[in-house]
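The next block holds one structure in the form of structure tokens; read it before the comments.
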Amino acid sequence: MQDKTGRSLSPNEVAQKGFLRLKTIWWELVVMKLHFAGHVPFHTYRRFVYRIYGVKIGKGSALHMGTRFYYPPNIQIGEDTIIGENAVLDGRAPLKIGNHVDIASDVMIYNSQHDMETEHFSAVETVELAPVVIEDYVFIGPRAIILPGVTIGKGAVVGAGAVVTKDIPPFAIAGGVPAKIIGERRNKELNYKLGRAALFR
């Protein structure tokens, strides 16, 4: 038996690849179930299903309809955090979202990528990737994209449509492609609560 590059595989390698394929298929089925659950207009039900498959969700947090997940056990969401419709949360490396974080609709947070320099365009293994960390009181505007290994500091603001490729310091306001610091949040004593999410979203 050969791999996709034409290299012959030992029986042990064939067994390992078979196990990995089965594991991949299992997680693809989980992602499909979470996708279906994400279209039920009932927050309590969605949180229940997400938690069953390993997403850690803090008290008072809400994920609006259409949220997509990749490897949910690596995803941790703090308390009083709201995630908008159709967000993508990638747990192929650890993803940690803090407390009182407001993530708007269509935000994509990725934790895996391809190595463009390898002969076979291989995926970068998750063990090689730094986690994505979004600290407390961050606001991320609609359709922003957060790329692997990024930390967004406490109270920072990411503008709509920004592509974040590097860390954003606390209380900074960042925007653009790639995102650059364009301002600073004046209020450094943040203690608000986001409150209840819209019931049927």
Take the range 191-201 and flag every residue that is modelled with pLDDT of 90 or more and either more than 24 Å from the chain's Cα centre (by Cα) or small (Gly, Ala, Ser) (or both). 191
Is one or more of the residues making up the range 49-61 in a strand (DSSP E or B) and buried (at least 21 other Cβ atoms within 10 Å of the Cβ)? yes
Could you list, in sequence order, all residues of the range 93-110 that are buried (at least 20 other Cβ atoms within 10 Å of the Cβ) and in contact with a helix residue (DSSP H, G or I) (Cβ under 8 Å, 6 or more places away or on another chain)? 93, 95
Given the conditions (1) under 15 Å from residue 197 (Cα atoms); (2) under 12 Å from the mean Cα position of the chain (by Cα), report the number of the one that residue 93 does not fulfil. (1)
Residue that is nearest to residue 101 (Cα to Cα), among those in the range 21-48 that are surrounded by 12 or more Cβ atoms within 10 Å (Cβ to Cβ) and among the charged types (D, E, K, R): 47
Kindly indicate the residue of the range 69-92 that is among the small types (Gly, Ala, Ser) and crowded, with 21+ Cβ neighbours inside 10 Å and also farthest from residue 132 (Cα to Cα) among those meeting that condition. 84
Scan the range 142-162 residue by residue and report those that are under 19 Å from residue 90 (Cα atoms), among the hydrophobic types (A, V, I, L, M, F, W, C) and more than 14 Å from the chain's Cα centre (by Cα). 158, 162
Any idea which of (1) over 27 Å from residue 150 (Cα atoms); (2) surrounded by 12 or more Cβ atoms within 10 Å (Cβ to Cβ) is the one residue 7 doesn't satisfy? (2)
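The values are calculated or read from the model by the stated rules, or taken from the named source; none is laboratory data. Note that the structure is predicted; figures quoted are calculated from it, not measured. We place every Cβ from the backbone using ideal geometry, glycine too, and count neighbours over all the protein chains shown.
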